[in-house]
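The values are calculated or read from the model by the stated rules, or taken from the named source; none is laboratory data. As the structure is a prediction and not an experimental result, all values here were calculated from the model. Cβ atoms come from the backbone with ideal geometry, glycine included; neighbour counts cover every protein chain shown.
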Amino acid sequence: MKKIKKAYKRLIEYIITNRLFLSYVVLSFIATLITRGLTIEKVSNVYASITDLGIIILIGAFGYFIKPNKQFRYYFLWLCFFNLLGIINSIYYIFYNNFASAGDLATLSQAETVTGSIFERLNPVFIVFILIPIIFYVIHRKLSYSSYYSFLNKIEKGKWMCLGTSIVAIALIAISFLNATASDYSRLKKQWYKQYIVERFGILLYHGNDLVQTLKPKISSLFGYEDALELFNSYFKSEENQQYKEDNKYTGILKGKNIVFVHMEGMQTFLMDLKFNGGEATPNLNALAKEGMFFPHFYPQISTGTSSDTEFTMATSLMPAVSGTVFINYYRNNYNTTMKILGNEGYYTYSMHGNDATMWGRNKAHPTLGYQGLYFEENFDYTEDDVINLGINDKLFFKEAIPIMESIEADYPNYMAEVITLSNHSPFTFTDKYGEFDLSETGTVLNEQTGEYEEITSDYLEDTPVGNYIHSAHYADEALGDFITYIKDSNYFNNTVFVFYGDHDAKLSRKELNYLHNHKLTDGEVYSEDEEGYTPYDSFDHSLSKNTPLIIWTKDPELKNIFKGTIDYYMGMLDLQPTILNMYGLKNEYALGHDIFNIKEDNIIPFPDGSFLTNAMYYNNSVEQYKPINTNIVIDDDYVATKKSYVENLLEVSNSIIVYDLLAKKEATGE
């Protein structure tokens, strides 16, 4: 009993004499919990919590080297830093569905162009990040008015307090690490799936590890260059990599032909199946798919660079960078791009976009990718009334693009272009400019009072995130229809093939899209899983719904009947370059994707977080579970392990090429 009383007395004494330190710890810990709650919505993981707590305490321990009356500034700065991390990550997560990285700091300059999307979805809880430092300051002021600091100046033994506190902190961190699995360590090392790292190890360790990963390639002679080069050489010399490289019936069919890639902002494939009172959401896209060669199972492979990641992967057949974005952080490096390869064949290469050329650093990245001409916002005649969201509306953009494209065709024997659309970009709030499209739905329901069926009409999607997205996509589809009409009516483009692709999903949440699938016509509420009429839409379904259209179309009389029909192979953006280059009779020996007409059903679509998709299943690397999509294919542990190993190897090779600039070094050494 005496020991308990003595321990209790010491605890009270510790609390009384460490009120500033404990306030710093508690408030900092709350900031990390809120950050996880606002992003991954998971705060219950004990190991993440004790890791964050251990790091907070360890940092705080060094404050004991400072005299008590001057400790406030040290703790206050760290507290502000933790809350700033919370603000940055919470806002970053809204737009990118990911966590900020030290390599992404340069991309913060892009935030001004998407403020509408961010402010539309800000959570009121964000105010807590501002209140926490204020609360700490109030605590400090109250302690200042008492004898707290003067008393501690006399009795505090800073070195011993630092040592004891550090031991507690290290013990907490050790508990977390000792209970980590080999898979946890692997993910921490590779830094692919950031959400999982935060969920398992906490937000603070994630950022510490991210900083290390970001700095490693900056001093490549000390960290990893030789290993990266060895991995690179072994990958491209392996028998597995030599598969699926043979010619096929499409080899060389585009020799001497022009090509235009049309980058359709935020256009997802599920839109093509939507009808409202008989009206199609994307009638022009649907017609284009019927006229051309349509790939319904086509998936972008983006990270935090979103549209720019798609542009990079389309051009290089490499995956996005693990940390940062290529267009901002690694644009100076050397890549084997479609533009360079066709440029060597005498093609004039150019890009067009209705936005500021500095967005995603395209003014610097596009020239290094091999574009010879850039036609951006300043090349078009428009007023502020012609702007939707980030730039010139698609209808005006296409209208003004056509004469430029025709003049280029007149001046150059062959060309390759990328035309980047813009209007269908989040936040999808420019409803007054999208035009009319009836989103209401009419159906027959049972009137429980009369017992009779009656017809009702509901506009349940109006003013919802998914409803606004459909309005936006319908507008973009109208603009696309205008563009196709211009092309068909023009005397040019008779020797040109167009490749239309959606650049990425609309970034709508599963909850928002579930409303589209499971609303009740009677009252607009959502069906629960146990109700009749419920359509399954779990996290796997949400991931699988992120496919975008890929359509190859032409009015070239020689090719019109070749580029026709639906191709059901599963395909990633990674596979687009090798597929198109083979049609020119050309190859990129360092492409990580495959010509889809060679690999066919054997394709594996990797995603930057380590998840992957085959024609048999979708594997979610976060939860290490999969969903079968073809019951005729046997999936066993060996199947999953083999595919997972392939994906991990590919991601590591791709990132090594990017961060260590391996293609430039091989070119320089002639290896």
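Somewhere in the range 595-607, is a residue more than 21 Å from residue 246 (Cα to Cα), assigned by TED's automatic domain parsing to the domain that holds residue 294 and in contact (Cβ under 8 Å) with a residue 12 or more places away in the chain? Spell out the reasoning first.
The first filter runs over the range 595-607 and keeps only residues more than 21 Å from residue 246 (Cα to Cα), leaving 606-607.
Adding the requirement that they be assigned by TED's automatic domain parsing to the domain that holds residue 294 leaves 606-607.
Among the residues that remain, those that are also in contact (Cβ under 8 Å) with a residue 12 or more places away in the chain are: 606-607.
Yes, the conditions are met somewhere in the range 595-607.
Do we have residue 521 as crowded, with 19+ Cβ neighbours inside 10 Å, assigned by TED's automatic domain parsing to the domain that holds residue 566, more than 30 Å from residue 253 (Cβ to Cβ) and out of contact with any Lys or Arg (no Cβ under 8 Å at 6 or more places or on another chain) here? Steps first, please.
Working: crowded, with 19+ Cβ neighbours inside 10 Å: no; assigned by TED's automatic domain parsing to the domain that holds residue 566: yes; more than 30 Å from residue 253 (Cβ to Cβ): yes; out of contact with any Lys or Arg (no Cβ under 8 Å at 6 or more places or on another chain): yes.
No; evaluated as a whole, the condition is false for this residue.
Consider residue 501 carefully, then state whether it is within 26 Å of the chain's Cα centre (by Cα) and not small (Gly, Ala, Ser). Spell out the reasoning first.
Working: within 26 Å of the chain's Cα centre (by Cα): yes; not small (Gly, Ala, Ser): yes.
Spelling it out, residue 501 is indeed within 26 Å of the chain's Cα centre (by Cα) and not small (Gly, Ala, Ser).
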Report those helices (runs of 4 or more DSSP H) wholly inside the range 150-260 carrying at least 2 residues which are among the aliphatic types (A, V, I, L, M) and surrounded by fewer than 16 Cβ atoms within 10 Å (Cβ to Cβ).
-> 158-178, 194-215
Check 400, 378, 311 and return the single one that is assigned to a helix (DSSP H, G or I) and modelled with pLDDT under 95.
-> 378
Which numbered condition residue 101 fails, given (1) free of Cβ contacts under 8 Å to residues at least 24 places away in the same chain; (2) crowded, with 23+ Cβ neighbours inside 10 Å; (3) of a type in the set (Ser, Thr, Tyr) = (1)
Taking the range 521-541, which residues are touching a residue at least 60 places away in the same chain (Cβ under 8 Å) and over 29 Å from residue 299 (Cα atoms)?
-> 521, 522, 524
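How many of the residues making up the range 30-48 are under 24 Å from residue 163 (Cα atoms) and either more than 26 Å from the chain's Cα centre (by Cα) or of a type in the set (Phe, Trp, Tyr) (or both)?
Initial filter on the range 30-48 (under 24 Å from residue 163 (Cα atoms)): 47-48.
This time we only want the ones that are either more than 26 Å from the chain's Cα centre (by Cα) or of a type in the set (Phe, Trp, Tyr) (or both), so: 47.
Number satisfying all stated conditions: 1.
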Across the range 474-501, what is the number of residues that are assigned to a helix (DSSP H, G or I) and among the polar types (S, T, N, Q)?
-> 1
Given the range 1-80, what helices (runs of 4 or more DSSP H) lie entirely inside it while holding 2 or more residues that are surrounded by 15 or more Cβ atoms within 10 Å (Cβ to Cβ)?
-> 19-38, 46-61
Taking residue 418 as the residue in question, decide whether it is in a strand (DSSP E or B) and in contact (Cβ under 8 Å) with a residue 60 or more places away in the chain.
-> yes
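Filter the range 381-392 down to residues that are among the hydrophobic types (A, V, I, L, M, F, W, C) and part of a strand (DSSP E or B) and give me whichever is surrounded by the most Cβ atoms within 10 Å (Cβ to Cβ). Don't jump to the end; show me each part of the working.
Our first condition is that a residue be among the hydrophobic types (A, V, I, L, M, F, W, C); within the range 381-392, this holds for 387-388, 390, 392.
Going one step further and asking which of them are part of a strand (DSSP E or B), we end up with 387-388, 392.
On the way: 387: 19, 388: 24, 392: 26.
If we take residues in the range 381-392 being among the hydrophobic types (A, V, I, L, M, F, W, C) and part of a strand (DSSP E or B), then 392 is surrounded by the most Cβ atoms within 10 Å (Cβ to Cβ).
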For residue 634, work out the one condition from (1) in contact (Cβ under 8 Å) with a residue 60 or more places away in the chain; (2) more than 26 Å from residue 187 (Cβ to Cβ) it doesn't fulfil.
-> (1)
Number of the exception - residue 358 against (1) closer than 24 Å to residue 316 by Cα; (2) surrounded by 17 or more Cβ atoms within 10 Å (Cβ to Cβ); (3) modelled with pLDDT under 95 = (2)
